[in-house]
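The values are calculated or read from the model by the stated rules, or taken from the named source; none is laboratory data. Since the model is a prediction, treat every value here as computed from it, not as a measurement. Cβ coordinates were reconstructed from backbone atoms using ideal geometry, including for glycine residues, and neighbour counts include every protein chain displayed. The area values use the complete protein model at the heavy-atom level, side chains included, leaving out ligands, DNA and RNA. Shrake-Rupley method; radii C 1.70, N 1.55, O 1.52, S 1.80 Å.
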Amino acid sequence: MLRSNFAIRKIPQILKLAGRARGRIRSLWFVLCLRASGAHVGRKISVNRGVQVIIGRGAIWHIGDRVSLGAGVILSVGDGATLILGNDVRIAHYTLIGVQNSITIADRTQVGEHCSIRDHGHDPSAPSMHSAALVSSPVCIGEDSWIARGVAVLMGSRIEAGAIIGANAVVRGDVPQDAVAVGVPAHVIRLRR
């Protein structure tokens, strides 16, 4: 009886260790797959369950140290496109990053859950949206920025260092350094410093 009580008390610790091991294996598999495709991947990458990676021919990947990808994150990098994630970048659950040209997310940036960051869209001047060609323009998010939950960052946007983008905003264009921007379309409501 004494041994069975001891074993029952240890079950939560055993499950916690098993979960940690599973997470480390998932992260290692992610790193190995990206490196096999020619990507530069830093150390101590954390990858949660359900992360999807779509790699186009000739895609260029640079993922810094201590990057964290939440559950269900989708990273889609098209043929010849470039994705750069700096050191200590955190991308929360169910965020999509779609690259056809170039997206750079600088060091220490945090991206909330359910965000969409894309550097491309359909050509609105086409006679039919069904057959419209893709147009793209680079996206750059500066270091130490915070992109809150549900934000959409559209092609050609540039978010400068230290900026905060409020929940559910749509960013199209430039957001200055240390600005707090909210709304649809996102507009600056104040400066942090």
Is at least one residue of the stretch 131-143 part of a loop (DSSP other than H, G, I, E, B), under 18 Å from Gly70 (Cα atoms) and within 15 Å of the chain's Cα centre (by Cα)? no
Can you tell which of Gly162, Gly142, Gly86 is within 26 Å of Lys44 (Cα to Cα), touching a residue at least 40 places away in the same chain (Cβ under 8 Å) and open to solvent by less than 70 Å² (accessible area, probe 1.4 Å)? Gly86
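Answer with yes or no whether Arg35 is open to solvent by less than 90 Å² (accessible area, probe 1.4 Å) and basic (Lys, Arg). Don't jump to the end; show me each part of the working.
Values: open to solvent by less than 90 Å² (accessible area, probe 1.4 Å): no; basic (Lys, Arg): yes.
Judged against the criteria, Arg35 is not a match.
Collect the residues in the stretch 130-178 that are among the hydroxyl-bearing types (Ser, Thr, Tyr) and either in contact with a Ser or Thr (Cβ under 9 Å, 6 or more places away or on another chain) or at pLDDT 95 or above (or both), keeping them in residue-number order. Steps first, answer last, please.
Step one: filter the stretch 130-178 for residues among the hydroxyl-bearing types (Ser, Thr, Tyr), giving 131, 136-137, 145, 157.
Of everything in the stretch 130-178, those that are among the hydroxyl-bearing types (Ser, Thr, Tyr) and either in contact with a Ser or Thr (Cβ under 9 Å, 6 or more places away or on another chain) or at pLDDT 95 or above (or both) turn out to be Ser136, Ser137, Ser145, Ser157.
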